[in-house]
Amino acid sequence: MQPNPPVPHTATVDDKGVHVTTAAGKSRTYSGGEVMTLTQVIDLAEGSATLCQSSSETCLGLVDESTELASDCDVLIAEITEKGVGANLIDKCVFLQEQLSLQAAAAKKLHDQIQGGEEACRTASANAEVRHGQIFRAVADSPLTKPAERDFYNAR
């Protein structure tokens, strides 16, 4: 059994975007941001990967800073204990040290997750080029300025 042949949609373009109407009468408007070229997809994925990379570096900085502050709390606790200032202050310093350790662990976890996102963005960019790059370049390099008539695509 053969599937039903594709039915063409009508499309108009104006300053609000591309308006597409199906044969069933349903319509949808795509703004300029929704209809993307392959180059735009690749650029967006690479830009996202770069953003992930900088965010990942920020997380590592936070891990280092939190770890350093937690070790400073050790020194502070030792000084407070030596001077005999009070158990309440020591408890608060210990709590602060625990919170800094939790912050460092959370930042490390976020760093690892962001690195996974960066890898996914770079993979998507590379796959888009590999899978669609040749046809994209063929269309871009073609001297034709409009698609073929429907009969061309239906010819067997």
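The values are calculated or read from the model by the stated rules, or taken from the named source; none is laboratory data. None of these values were measured; they are calculated from a predicted model. Every residue, glycine among them, receives a Cβ derived from its backbone with ideal geometry; neighbour counts consider all protein chains shown. To get the accessible areas, we keep the full protein, side chains included, count just its heavy atoms, and leave off ligands, DNA and RNA. Shrake-Rupley method; radii C 1.70, N 1.55, O 1.52, S 1.80 Å.
Considering the conditions (1) under 30 Å from residue 124 (Cα atoms); (2) free of Cβ contacts under 8 Å to residues at least 12 places away in the same chain; (3) not in a helix (DSSP H, G or I), residue 85 is excluded by exactly one of them, (1). Picking from residues in the range 30-43 that are modelled with pLDDT of 75 or more and loosely packed, with under 13 Cβ neighbours inside 10 Å, the one that is farthest from the chain's Cα centre (by Cα) is 37. Could you tell me which of the residues 140, 148, 126, 107 is open to solvent by less than 100 Å² (accessible area, probe 1.4 Å) and in contact (Cβ under 8 Å) with a residue 24 or more places away in the chain? Checking each option against the conditions leaves just 107.
The single condition among (1) closer than 29 Å to residue 114 by Cα; (2) at pLDDT below 90 that residue 3 does not satisfy is (1).
Pairs linking a residue in the range 52-65 that is part of a helix (DSSP H, G or I) to a residue that is loosely packed, with under 14 Cβ neighbours inside 10 Å and not aromatic (Phe, Trp, Tyr), with Cβ atoms under 6 Å and 6 or more positions apart or on different chains, do not occur.
For the range 66-82, a residue qualifies if it is among the hydrophobic types (A, V, I, L, M, F, W, C), farther than 30 Å from residue 118 by Cβ and touching a residue at least 12 places away in the same chain (Cβ under 8 Å), and the qualifying residues are 73, 76, 77, 80. Is it fair to say residue 75 is outside any helix (DSSP H, G or I) and either farther than 13 Å from residue 125 by Cβ or charged (D, E, K, R) (or both)? No: the conditions fail for residue 75.
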